[in-house]
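Inspection log for the structure reproduced underneath, given as structure tokens.
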Amino acid sequence: MNTSGQPSRIVSRIIGGVTAFGGSWTYDLTPQGNAAELRITEDGEVYNPIFRAVSRFIIGHNATVDRYLADLARRVGQAP
């Protein structure tokens, strides 16, 4: 969060080269009293049909963001 107490936003994008996937991830951090709300928006694409099947049926589409949020919760002393 920035020092003004206003919402903060970070946008991360995959660019360039030949990749199996692409897209953007937007992280919005909004003050909520003594805490903050984090909203992550993923706008991703998986180009390779094999990777798309693995993501859907083996790994799970939400596995990475779920792990990220659990790690973040532990880092700030909250239960995942």
Do you know which residues across region 67-80 are outside any loop (DSSP other than H, G, I, E, B) and among the hydrophobic types (A, V, I, L, M, F, W, C)?
L69, A70, L72, A73
Failed item, numbered, when Q6 is tested on (1) touching a strand residue (DSSP E or B) at 6+ places or on another chain (Cβ under 9 Å); (2) open to solvent by less than 60 Å² (accessible area, probe 1.4 Å)
(2)
Members of region 38-66 that are exposed (fewer than 13 other Cβ atoms within 10 Å of the Cβ) and in a loop (DSSP other than H, G, I, E, B):
Y47, N48, G60, N62
Evaluate the following for Q32: is it free of Cβ contacts under 8 Å to residues at least 12 places away in the same chain, among the polar types (S, T, N, Q) and in contact with a helix residue (DSSP H, G or I) (Cβ under 9 Å, 6 or more places away or on another chain)?
no
From the list A73, A79, A35, A20, pick out the single residue that is more than 26 Å from Q6 (Cα to Cα) and either out of contact with any strand residue (DSSP E or B) (no Cβ under 6 Å at 6 or more places or on another chain) or open to solvent by 90 Å² or more (accessible area, probe 1.4 Å) (or both).
A20
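The values are calculated or read from the model by the stated rules, or taken from the named source; none is laboratory data. Here the structure is a predicted model, which means the values were calculated and not measured. Reconstructed Cβ throughout: ideal geometry from the backbone, glycine too, with neighbour counts over all protein chains shown. Note: areas computed on protein heavy atoms with side chains; ligands, DNA, RNA excluded. Shrake-Rupley method; radii C 1.70, N 1.55, O 1.52, S 1.80 Å.
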